1. Within the range 95-123, how many residues turn out to be open to solvent by 20 Å² or more (accessible area, probe 1.4 Å), assigned to a helix (DSSP H, G or I) and farther than 15 Å from Glu33 by Cβ?
2. Based on what the data block shows, is Arg26 surrounded by fewer than 18 Cβ atoms within 10 Å (Cβ to Cβ), basic (Lys, Arg) and not in a strand (DSSP E or B)?
3. Check the range 1-9 and report whether any residue there is at pLDDT below 95, of a type outside the set (Asp, Glu), away from the ligand (no atom under 12 Å from the Cβ) and open to solvent by 10 Å² or more (accessible area, probe 1.4 Å).
4. Somewhere in the range 30-41, is a residue away from the ligand (no atom under 13 Å from the Cβ) and not basic (Lys, Arg)?
5. Considering only the range 145-185, state which residues are within 13 Å of the ligand (Cβ to nearest atom) and in contact with a Pro (Cβ under 9 Å, 6 or more places away or on another chain).
6. Inside the range 128-138, can you point out the residues that are buried (at least 24 other Cβ atoms within 10 Å of the Cβ) and more than 28 Å from Asp54 (Cβ to Cβ)?
7. Mind listing whichever residues of the range 79-105 are touching a strand residue (DSSP E or B) at 6+ places or on another chain (Cβ under 7 Å) and closer than 24 Å to Phe157 by Cβ?
8. For residues in the range 66-89 being within 18 Å of Arg108 (Cα to Cα) and open to solvent by 20 Å² or more (accessible area, probe 1.4 Å), which is nearest to the chain's Cα centre (by Cα)?
Amino acid sequence: DRKPVVAIDGPSGAGKSTIATFLAKRFGLLNLESGAMYRAVALKALRLGLPLDDEPALASMAETMVIELQPTENGNRVLLDGEDVTAQLREKDVTQAASKVSVHPKVRALMVAAQQRMGAQGGVVMEGRDIGTVVFPKAEVKIFLDASADARGYRRFVQTGPSEGQPTEDAVKQELRERDERDRNRAESPLKPAEDAVLVDSTALTLDEVKARAEAIVLEKW
Ligand code: C5P
């Protein structure tokens, strides 16, 4: 029998990756980070010096590039044209560029088609912004994971660890806010919960509580 598609959407820093990784392990599914694909597009664009607002140039680049997501115990290993770029995709300039290239409908169409192929047989947890609304509107399970902007910023700040050369808490929160606004306000596939998504607000929950909620939702909907 067919294993389900679990769609996890929400703003940056809500804990999607942690929960996706947990659910994948718990239910024997592959965890796929759709955001890594937009990050890979951004990285290649930066390397080539393509303007991030040049949709045709970005789309023709994206059409021929090969992005592979390899699920591991903690997130995806990402190959870009065969090169392991996993660490570089987390860099700040790549993160910001990913947010910018992802507004373009032609870029999105290519990524969405690739994501649909990856999940066509079921058996995946895919996290992103438009998984339950656009990529897999018929996903068996849809979770929209949210938290207050303050909580998300704080968690992201603690995650990177306050040390020399690290951005301040305010800088982290500011950056998160900018990406969020862009995701929510873009014309193409804006960030919003699917009508049939189960909302989980993790602001006042512990990680274990969020895991338990997510697990219960999968068990109920599967
Ligand atoms: O999830 P992650 O932070 O890695 O995603 C990077 C960027 O890619 C996000 O800021 C968002 O703008 C974009 N994205 C998207 N649609 C998705 C996943 C990510 O637009 N399904």
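The values are calculated or read from the model by the stated rules, or taken from the named source; none is laboratory data. On a predicted model such as this, the values are computed, not experimentally measured, just so you know. Counting neighbours? That spans all protein chains shown, and the Cβs are built from the backbone with ideal geometry, glycine included. When the accessible area is computed, the model is the full protein with side chains, heavy atoms only, and any ligands, DNA or RNA have been set aside. Shrake-Rupley method; radii C 1.70, N 1.55, O 1.52, S 1.80 Å.
1. Final tally of qualifying residues: 9.
2. Yes.
3. Within the range 1-9 (the criterion being at pLDDT below 95, of a type outside the set (Asp, Glu), away from the ligand (no atom under 12 Å from the Cβ) and open to solvent by 10 Å² or more (accessible area, probe 1.4 Å)), the answer is yes, since at least one residue qualifies.
4. For the range 30-41, residues away from the ligand (no atom under 13 Å from the Cβ) and not basic (Lys, Arg): present.
5. Leu145, Arg152, Glu175, Leu176, Arg179, Asp180, Asp183, Arg184
6. Of everything in the range 128-138, those that are buried (at least 24 other Cβ atoms within 10 Å of the Cβ) and more than 28 Å from Asp54 (Cβ to Cβ) turn out to be Gly132, Phe136.
7. Scanning the range 79-105 gives Thr86, Leu89.
8. Leu69
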